[in-house]
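So the structure is just underneath, and the comments pick up after that.
The values are calculated or read from the model by the stated rules, or taken from the named source; none is laboratory data. Bear in mind that the values here come from a model prediction, so they are computed numbers and not experimental data. When we count neighbours, we look across all protein chains shown, and the Cβ atoms used for this are built from the backbone with ideal geometry, even at glycine.
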Amino acid sequence: MTERVQVHEPFVDPAQQHAADMLGMYIFLASEIMLFGGLFAVLFVCRLLHPQEIAAASKELHLWIGGINTAILLTSSLAVAIAVQLARQGSRRAVAISLAAAAALGAGFLILKAVEYRLEYSDGLLPGFSTASKFANPATHLFMNIYLIATVLHAVHLSIGILLLAGLVWKLLRRSLQVPKRASVIAVSGLYWHLVDVIWIFLYPALYLIR
Amino acid sequence: MTSDHMVDAASHPAQPGIAETAEERVSYLRAGHTLGSWLFTSDHKRIAILYFISVTFFFFVGGAAATLMRADLLTPQADLLSDEGYNRAFTLHGVIMVWFFLIPSIPNTFGNFLVPLMIGARDLAFPRLNLLSWYIYMLGGLFTIYVLIAGGVDTGWTFYTPLSSMFANGNVVLAATAVFIVGFSSILTGLNFIVTIHKLRAPGMTWGRLPLFIWSLYATSLILVLATPILSVTLALIAAERLFGIGVFNPSLGGDPLLYQHLFWFYSHPAVYIMVLPALGVVSELVAAAARKPVFGYQFVAGSSIAIAAIGFLVWGHHMFVAGQSAYASAIFSFLSLAVAVPSGIKVYNWTATLYKGQISLDPPFLFAMSFIGLFVVGGLTGVILAMLAVDVHVHDTYFVVAHFHYIMVGGTVSAYFGALHYWWPKIIGRRYSLAWGRLSAALIFLGFNLTFFPQFLLGYLGMPRRYHVYPPEFQVLHVLSTAGASILGVAYLLPFTYLFYSMRYGKPAGANPWEATGLEWSIPSPPPKHNFAERPTVTRAPYDYTIEYEESDD
């Protein structure tokens, strides 16, 4: 299936180009892991400094909304994985449908996340915006600060992912992106989506479950 | 063998320019004459030139801030700058020199130019990403210029909390944004280099045949990709605290300002190796070319680059020996910091062994390499001194530390930068420059540098703290010496730009290989054609396979 692939300037053959694209994405994802790694380090240290207060603060979070969102993101990753397989087989419409489904699930995650922020706002637990804050103690405030920064940073990444997938769907429908000729574009974008999912898989227990 | 193979252009003055050569007509330099052909190029060689112009600009902006500081320090009183103004001058000096000159200096100019040429590739793996990286750098640069015009920032280049997050009055968020933005430029460049070195090597260019400059850039790229994101997220946390009051370091909430220092140095200590590793790679190239011998212990020199990058991630705590971290942690960080001296020492010994009985030329690149080695050894050994817990308590935050890291960063990296410039200039531009002027500026830079920074070791040891501009009168003599040295250094840094610029029009055509060096980049015309290699090269020889001319020896 790779014999019809276009080869760009610095590359000499399609296999080399595909390997370079994948390696480039993996390295980018490594740097993303380090980006969130900094936040996990902050969370870890604050937890060590204030174990009881942070466990109590974690109980204030809406466990079930986070849980449903975890399920949504995992499902979206499944859809992306299916799209990557379908792209190799060259079924253009099916690829577009799975990617659109994944993007829609991602949007669903964001909507649910917004609902969760709204609930926390009315509880007076959302730092920076709630005027009448009702934090039990300063450490709770600290925890909510980390929670807000980590989830917003994740939401930004997810939004970029949604735009990326929506762009691919648009190109697939307009036939300006052809599969399986350029299946590696789908595979590389899929890697990004999976990483955003995996980061949430770590954020969810670190913020919600360790209570 | 001396420099006979290169004719001094200065000895033939008053020529009305030398006509365009056949090589130049088909070179990357003539492939498009419009501004757009430069600003929208994806040719790694042109992007290297864009970077060269930009980092040179920032080098002189950062230098201007240093000039202000050195002038103010001439007398014990505050006579040129206010306290606030002095704080802003050293902050901008640090921010600009670290992020807008030192980090991109060698990788983004010579790395961009040479990585594809040295491994036999057409371009970097992602040429448009490479151009994007330059635009991101320039955007960060614009923010910095704005900060400069808007009155600066006074936190020091380290942005320590809670000063930066709660108390500082300057443009902290804008300055942090500038550094945040330029970080992405670093990440993209590092990513591009790693993929290129893995996937685009010419047939026969095995890992064991890579030039040592490529090895050091590979190690540098690993740090760029893995450490820079930590800085990004840390600066984002400061911005969140300043802009929205969402603080995670705020002590009144139980946050830990020391945590900020951990995160900052987790990036910034490896960043020191981002700055010096490419310089170590350059010097390996220059030493081999000057000695006309294979590099002694190639595998060890290559491996030591990777070792420095790896151990460099584990030493950050030595910046916090007096900041209240656990004594056990300090002991471990102290040990690991000493361990970095081992791979650094391997390099210095192997360079020396390479020179042993070599046919040494005294051309400018080699003089710069020699001053690098000398200054790097002084900087490195004082680093070992600073890694000792007890000594560090005595000299922490004094001019001893300032002198130590300037020996590495300026004496080391900037010397190597100028060495690289003098070595590869005939390849990049295709013209020869005046060797006599080159030798003079190498000597002046070495002299000016030592006169500037050696007195600072004494000042620090005697107790002069860094970041103060009002000081007891007994320190004045040493400060005056330092400022005198800085003025020599300033002139010496300007000098190469005059004769190199002159050589662009009046220099003799360089020919493909003016230094008779090995390496794929010397096998193609100077300046290189737009497409680098007429056909894809196949490598069949070991690196640095100079024919050694043995002499009769009596030992």
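The figures follow:
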{"read-out": "Some residue of segment A:6-14 being facing another protein chain (nearest Cβ under 8 Å), without any contact (Cβ under 8 Å) to a residue 40 or more places away in the chain and of a type in the set (Phe, Trp, Tyr)", "value": "yes"}
{"read-out": "Hits in segment B:332-347 (condition: touching a Phe, Trp or Tyr at 6+ places or on another chain (Cβ under 8 Å) and more than 24 Å from B:VAL283 (Cβ to Cβ))", "value": "B:PHE333, B:SER334"}
{"read-out": "Lone qualifier among A:ILE65, A:ILE33 - being within 14 Å of chain B (Cβ to nearest Cβ) and either of a type outside the set (Lys, Arg) or in contact with a Ser or Thr (Cβ under 7 Å, 6 or more places away or on another chain) (or both)", "value": "A:ILE33"}
{"read-out": "Residue check for B:PHE159: part of a helix (DSSP H, G or I) and not β-branched (Val, Ile, Thr)", "value": "no"}
{"read-out": "Single residue of B:ARG431, B:ARG467 found to be in contact (Cβ under 8 Å) with a residue 24 or more places away in the chain and surrounded by fewer than 24 Cβ atoms within 10 Å (Cβ to Cβ)", "value": "B:ARG467"}
{"read-out": "Selection count, segment B:437-472, where residues are in contact with an Asp or Glu (Cβ under 6 Å, 6 or more places away or on another chain) and either among the small types (Gly, Ala, Ser) or assigned to a helix (DSSP H, G or I) (or both)", "value": "0"}
{"read-out": "Top-ranked residue in segment A:118-146 [being within 21 Å of A:TYR204 (Cβ to Cβ) and surrounded by fewer than 16 Cβ atoms within 10 Å (Cβ to Cβ); ranked as nearest to the other protein chains (Cβ to nearest Cβ)]", "value": "A:TYR121"}
{"read-out": "Whichever residue in segment B:116-153 is of a type in the set (A, V, I, L, M) and farther than 23 Å from B:PHE180 by Cα and, among such residues, is farthest from the other protein chains (Cβ to nearest Cβ)", "value": "B:MET118"}
{"read-out": "Hits in segment A:158-196 - residues which are part of a loop (DSSP other than H, G, I, E, B) and out of contact with any helix residue (DSSP H, G or I) (no Cβ under 8 Å at 6 or more places or on another chain)", "value": "A:ARG174, A:SER176, A:ARG182"}
{"read-out": "A:GLN17 within 14 Å of chain B (Cβ to nearest Cβ), out of contact with any Phe, Trp or Tyr (no Cβ under 7 Å at 6 or more places or on another chain), assigned to a helix (DSSP H, G or I) and among the polar types (S, T, N, Q)", "value": "no"}
{"read-out": "Residues of segment A:36-62 satisfying the condition of being more than 9 Å from chain B (Cβ to nearest Cβ) and in contact with an Asp or Glu (Cβ under 9 Å, 6 or more places away or on another chain)", "value": "A:GLU60, A:LEU61, A:HIS62"}
{"read-out": "Candidates B:VAL295, B:VAL315, filtered to the one that is over 28 Å from B:THR158 (Cβ atoms), among the β-branched types (Val, Ile, Thr) and either in contact with a Leu (Cβ under 8 Å, 6 or more places away or on another chain) or at pLDDT below 95 (or both)", "value": "B:VAL295"}
{"read-out": "Count - residues of segment B:223-261 that are touching a residue at least 60 places away in the same chain (Cβ under 8 Å), in a helix (DSSP H, G or I), more than 8 Å from chain A (Cβ to nearest Cβ) and surrounded by 20 or more Cβ atoms within 10 Å (Cβ to Cβ)", "value": "7"}
{"read-out": "Residue check, B:LEU212 more than 24 Å from A:LEU49 (Cα to Cα) and either in contact (Cβ under 8 Å) with a residue 24 or more places away in the chain or of a type in the set (A, V, I, L, M, F, W, C) (or both)", "value": "yes"}
